[in-house]
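Asker: Shown below is the structure under consideration.
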Amino acid sequence: MSARPHILVAGAGLAGLAAARALTVEGARVTVIDARERVGGRVWTIREGFTGGQHAEGGADLIESEQAAVMSLARELKLTLVPILKDGFGFYGMGAKGRRSVETGSRQLGRLFAPFWREVEQYRRLEGRWHSPIAQAFARESVAEYLTRTGASAAVVARFRSLRGFFLADPEDLSMIALLDFLATDGFGGDGRTFRIRGGNDQLATRMADALPTRVRLRTVLRRVEHRDDGVIATVEDRSGHHAVSADALIVAMPATAVRDVVFAPGLPDPQRDAIATLKYGGATRVLLQFQSRFWVRRGRPRAFGSDLSTGAVWDGNEQQRGRGGILSLLAGGRASDELVMILNMEGAAGVAERLRWMGPLSALVASHVVRWNDDPWVGGGYAYFDPEFDPRGRDLLARPFGRICFAGEHTSVRWQGYMNGAIESGRRAAAEARLLTAMV
Ligand SMILES: Cc1cc2nc3c(=O)[nH]c(=O)nc-3n(C[C@H](O)[C@H](O)[C@H](O)COP(=O)(O)OP(=O)(O)OC[C@H]3O[C@@H](n4cnc5c(N)ncnc54)[C@H](O)[C@@H]3O)c2cc1C
């Protein structure tokens, strides 16, 4: 590395903070900015408003044991991982007999995905090359079109709709390539162990930020980037106005939706700009409901359910915490996001709670909190998903450095897109790129 390069990191979510942490260890001087008044981005623990010192996650919640970068970072930061949701996810929704029912057991998912195995095999032959014509053919078809073409029953369609709590996209909006990619790499096929950070997932971010030699500059927005062969001059805006920040390299660790608003001079190459401009972000509304008692807990039944209902997926949001009361966490993804907002507007949190009677006899609703990620000005959705309009050749370009500008963030990850793990790995990758680029002075 050349004499202490200065790297500017825009975005203090897990991607930006992981990049800053890696570069600091390597001896670089790092400036981190974030538009919000807090670090963590889409990792946000909600503590206010709940009684009995309880809390729950407004953003990223579940840490599957396969999320190795999250698991090891948690250990590095001396955070405790608590096992949760030991009985996995069940399903509540339209069953084969045309009636709503509760289904449990993991065999149901295997059966659901079985018809796809021929396509999955074909997809595997691509070895992840999304520029292949085969990839393009898969990408153009939506999951709904595939299900119609193959004569799937209403019950099967309902099960696929329930996956909007995971992909944040309904079958009509999700490209087949996204589903096949998921099935080919993991497809809920891990060891089934899931964790949360004791005390709140946001500590992953706050502890990384606290360990940096320089404080993160909050409420500071990246507006414009001029770049040359030897560095960048960024225009950032804070409460006192616009300022120029010079750096040897820039890591843009912001969602693609926010990158679109930044002016690059000279501009990004057209195909890269198009990929960033056309990437979709899924609708996501999180509702946290604190009840006087955990009426949903029953021996031998999961504490988590996917569903095709407007209330979305629902699970125990704080089983690791003490107290008689407990918090149910609802995630309405894709089109359910707006449907749930409509219920909230008309009937309030109590109306949402009423719709959960299938989980057991309700106890009193004590507190509630709603996070509408679609309305969040710094992301405008939950996380990225690939729709049939997205040109799969653009996927690589989301992460491609341009001059001294490197890109990080959940959406740039190939294996872990949509996860905390993807954000952390992408930040480390971008840090390595910035290091190499600045060593070339
Ligand atoms: C509702 C929900 C549920 C989720 N559930 C899970 C889960 O259970 N498990 C899991 O692993 N993952 C989950 N995720 C995904 C996970 O939260 C993300 O993948 C990850 O946190 C993204 O990190 P990031 O650093 O890429 O982006 P972000 O966290 O969005 O960080 C980007 C930062 O950039 C800042 N920024 C934006 N524009 C500018 C600008 N112009 N200038 C300066 N700063 C700017 C933002 O303020 C933000 O802090 C969930 C996400 C959501 C929304």
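The values are calculated or read from the model by the stated rules, or taken from the named source; none is laboratory data. None of the values given here were measured: they were computed from a predicted structure. As a convention, Cβ positions derive from the backbone with ideal geometry for all residues, glycine included, and neighbour counts pool all protein chains shown. Side chains are part of the model used for accessible areas, which takes the heavy atoms of the whole protein and leaves out ligands, DNA and RNA. Shrake-Rupley method; radii C 1.70, N 1.55, O 1.52, S 1.80 Å.
Asker: Measuring from centroid to centroid over Cα atoms, what is the spacing of the stretch 291-311 and the stretch 92-148 in Å?
Answerer: 25
Asker: Grab the DSSP H runs of the chain that are 4 residues or longer, score each as -39,500 (n - 2.57), total them, divide by all residues and round the 222 nm result to the nearest 500 deg cm²/dmol.
Answerer: -9000 deg cm²/dmol
Asker: Report the Cα centroid-to-centroid distance between the stretch 319-337 and the stretch 230-258 in angstrom, as an integer.
Answerer: Computed from Cα coordinates, the inter-centre distance equals 36 Å.
Asker: Can you list residues from other chains, or at least 5 along the same chain, whose modelled amide H is less than 5 Å from the amide H of VAL9?
Answerer: Under 5 Å from the amide H of VAL9: THR31, VAL32, ILE33, ILE251.
Asker: Accessible area per residue for the stretch 36-82 in Å², computed with a 1.4 Å probe and the full protein assembly in place, what is it?
Answerer: 40
Asker: Only four residue types carry charge here, +1 at the Cβ of Lys and Arg and -1 at the Cβ of Asp and Glu. Report the dipole size of the chain about the Cα centre in Debye, rounded to the nearest 20.
Answerer: Dipole of the chain, to the nearest 20 debye: 1240 debye.
Asker: From zero up to wherever the largest Cα-Cα distance of the chain sits, split into 10 Å bins and tell me the percent of pairs in each.
Answerer: Using 10 Å bins, I get a P(r) of 4, 21, 31, 26, 14, 4, 0 for the chain.
Asker: Let me ask another. Tell me the relative contact order for the chain as a rounded percent, counting alpha carbon contacts under 8 Å between residues six or more apart.
Answerer: 25
Asker: For VAL366, what residues show an amide H to amide H distance below 5 Å, using hydrogens built from the backbone and excluding near sequence neighbours?
Answerer: Placed amide hydrogens put GLN290, PHE291, GLN292 under 5 Å from VAL366.
Asker: Mind listing the phi-derived Karplus ³J(HN,Hα) values for the stretch 294-303, rounded to whole Hz, using 6.51, -1.76 and 1.60 with θ = phi - 60°, and x for any glycine or proline?
Answerer: 8, 5, 8, 7, 9, 3, x, 10, x, 9
Asker: In nm, what is the difference between 0.36 nm times the number of residues separating GLU172 and ARG198 and their Cα-Cα distance?
Answerer: So the chain would gain 5.6 nm between GLU172 and ARG198.
Asker: First select every other residue whose beta carbon is under 13 angstrom from the beta carbon of ARG118; then total the charges, Lys and Arg +1, Asp and Glu -1.
Answerer: 0
Asker: How large is the charge dipole for the stretch 67-186, taken about the Cα centre, if only the Cβ atoms of Lys, Arg (+1) and Asp, Glu (-1) carry charge, to the nearest 20 debye?
Answerer: Charge dipole of the stretch 67-186: 400 debye, to the nearest 20.
Asker: Another one. What does the charge count around GLY422 come to, taking other residues whose C-beta lies under 9 Å from its C-beta (Lys +1, Arg +1, Asp -1, Glu -1)?
Answerer: Cβ neighbours under 9 Å give a net charge of -1.
Asker: Skipping prolines and chain starts, which residues have an amide H placed within reach, meaning under 5 Å, of the one on ASP376, given they are 5 or more residues away or on another chain?
Answerer: GLY381
Asker: How high is the relative contact order of the stretch 1-121? Use alpha-carbon pairs under 8 Å, at least six apart in sequence, and give a whole percent.
Answerer: Taking the mean separation of contacting Cα pairs over the length of the stretch 1-121, I get 13 percent.
Asker: Please report the net charge: other residues with Cβ closer than 11 Å to the Cβ of TRP44, K and R +1, D and E -1.
Answerer: Local charge sum for TRP44: +1.
Asker: In square angstrom, what is the accessible area per residue of the stretch 239-363 with a 1.4 angstrom probe?
Answerer: 40
Asker: Now for a separate question. If all Cα-Cα distances of the stretch 338-427 are sorted into 5 Å bins from 0 onward, what percent lands in each bin, rounded to whole numbers?
Answerer: For the stretch 338-427, the pair-distance distribution reads 3, 11, 14, 15, 14, 10, 11, 10, 7, 4, 1, 0.
Asker: On to the next question. May I ask you to list the trypsin sites (Lys or Arg not before Pro) in the stretch 280-315 that are in a DSSP loop and have at most 16 other Cβ atoms within 10 Å of their Cβ?
Answerer: Taking the stretch 280-315 and a limit of 16 other Cβ atoms within 10 Å, the loop trypsin sites (Lys or Arg not before Pro) found are ARG298, ARG299.
Asker: Ignoring ligands, DNA and RNA, what percent of the accessible area of the stretch 295-441 is carbon or sulfur (1.4 Å)?
Answerer: Ligands and nucleic acids excluded, carbon and sulfur give 52 percent.
Asker: Along the stretch 402-417, what does the Karplus equation 6.51 cos²θ - 1.76 cosθ + 1.60 (θ = phi - 60°) give for ³J(HN,Hα), rounded to whole Hz, x for Gly and Pro?
Answerer: Going residue by residue, I get 10, x, 9, 10, 10, 10, 9, x, 2, 5, 8, 7, 8, 7, 10, 4 Hz, with x marking Gly and Pro.
Asker: Just the accessible area per residue of the stretch 126-233, please: how many Å² with a 1.4 Å probe?
Answerer: Accessible area per residue: 45 Å².
Asker: In whole Hz, what ³J(HN,Hα) sequence does the stretch 140-149 give by Karplus (6.51, -1.76, 1.60; θ = phi - 60°), x for Gly and Pro?
Answerer: My calculation for the stretch 140-149 gives 6, 9, 7, 4, 4, 4, 4, 5, 5, 4 Hz in order.
Asker: Carbon-plus-sulfur fraction of the accessible area of the stretch 135-239, 1.4 Å probe, in percent?
Answerer: Roughly 46 percent, rounded to a whole number.
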